[in-house]
Every structure is written in C-alpha cells, then in structure tokens.
Amino acid sequence: MQTSQRNNLFCGASYFSEGLKLLLHPQLRIYILVPLVVNVILFFGLTGILVYYYNYFAGNLDWQAPDWLSWAQFAFSFFSAMLGIVLAVLFIILYAYSFNVITNIIAAPFYGLLAEKAEEIISGEKPPEEKLSRMIPRTLGRECLKLFYFITRGIFVILVVLMIGTIPLINLLAPLLGLIWSMWCMSIQYVDYPADNHQLSFRELRNRLMMKKYSSMGLGGMVMLASVIPVINIIAMPAAVTAGTLFWSRELKRIP
C-alpha cells in the first residue's frame, strides 16, 4: 500500500476486511479460541437485555396530547418520533460499547498475544519480549486506563447528545455526534493492543491516531458496524485486533 493511499476513510475501513482474512492464518487460530467463547456468552446475554429494555422505553414514547391540546398532536407525534430515533441510536451505541468493553476486559491478555503474533506475521518483526506474568497485569491495567478515558469523556458526549436531542432539527445531529465518538473509541481500543505491546503510552497513541484521523475513523466505523450486527459481532472483536495491528504496522508504528 502506497503512502499516498494512507490516512483516508477507505484505507482505514479496508484494514478490517484484511484483518478478518488474517484470522484464518493457521498460526492465529489458537489465540482466538478463548475470546470467541467469551463473545458467544456475551452475545446472548447482552442481546436479550437490549431487546427487553428498548421495548420497555420505546413503549413509553407514544405520547398523546391531552384533549385541550389536541391541535398540538402533530407536534407531540413528531417530537416522539425524533426522540425514538435518538433512543434507538443510543441503545445501539450502548450495545456495541458494552459488548466491546466487557469482552476486552476479560480477553485483554489473549488479544495482546493475538496482536503480537499478527504483527510478526505482517511485518516479520516482534514486539519486545515480555514475561506472561508481567504482561497480564499490565494489559489489565491498560484496559482500566482506557475504560476510565471512555467513561469520563463518554458521559460528557452522552449529555451533549441528550441535550441536542431535545432541540427540533438540530436533534438530527445527535446520532452523528454519538457515532463519531464511538468510531473514535473503537479505533483507540483495537490499535492499543499492538501499541501496548511496544509499551507506547496511552497519550502518545491518541496523538498518533489523531495524526491519522481519517484512517482511524474508517477503521473505527467498520468495527462499530460489525459490533452491532448479531452473530457477526462474535468474530468482530478478534478481527478488529488484527485490523488494528495492520493499521499500527503500516501507518502508526514508525511515526517519530
């Protein structure tokens, strides 16, 4: 891939399809067994919870204007429909976010090993050697650091989305803002595995991703899309790790 082709949405998105194909490599199969088992269990649990609570909240959005405001029924119905769209997008984002966060905390050490082996296959180079007894607590600590970042910034984003969602016309921007934030989070999450293998600081990783923001958003968008599609999201997480490793090896690793 030529340098001129890098740092664009299409290039970032293509890393996911390449990462999916890379999972079929015989040397990687052993590293995805545990994450896949975790994903299957979470898939059934979280999907059931999502369907139940969405039906509950959506059922309460069918507002009727009182008799003395019957002339305003159209406005009530329009507002209810717009709020329903915002609610649906928020539930989808929450579903994908929860699926990713829980899976990644449990499977972080395995994803670190997957990223390490994938990088060796991609570039012929290995990250610095590290004992498993040191890597496991370090990767779990890194997941907690990312989780803190996602939660603290995410609360602010959700408040802004909810505030915008109550303003007619402008509320159409609310789902877009939520999606952009989610794409950014997905990119950080899965590029962090190879970056952490090289013990690159979390702040420096975010700086490098901003320098390649279009590829970052392309990759994050594909991971986000795959995360909300039932069944596909079971294999999406390991594929996102190999995709993030491809992105790291080709665009981020050698940034000075």
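For the range 127-256, just the Cα set please: Rg and Dmax, both in angstrom.
Calculated on Cα positions, Rg and Dmax stand at 16.1, 56 Å.
log₁₀ I(q)/I(0) of the range 144-204 at q = 0.22, 0.23, 0.26 Å⁻¹, via Debye over equal Cα point scatterers, no solvent, to two decimals?
-0.86, -0.90, -1.04
Hey, if you put +1 on the Cβ of every Lys and Arg and -1 on every Asp and Glu Cβ in the range 102-203, which of 182, 161, 109 ends up farthest toward the positive end of that dipole?
Of 182, 161, 109, it is 161.
Once you have the alpha carbon radius of gyration of the range 191-247, what is it after dividing by 2.2 N^0.38 Å, with N set to its residue count? Each step should come with its number before you reach the end.
Numbers: Rg = 12.0 Å, N = 57, 2.2 N^0.38 = 10.2 Å.
It is 1.17.
Hey, which lysines would be in cross-link range of residue 213, C-alpha to C-alpha under 17 Å, not counting anything within fewer than 8 residues on its own chain?
Within reach: 253.
Where a number appears in this text, it was derived from the coordinates with a stated rule and is not lab data. Predicted, not measured: the structure shown is a model, and the values here were computed from it. Don't worry about glycine lacking a Cβ; one is built from the backbone with ideal geometry, like all the others, and counts go over all protein chains shown.
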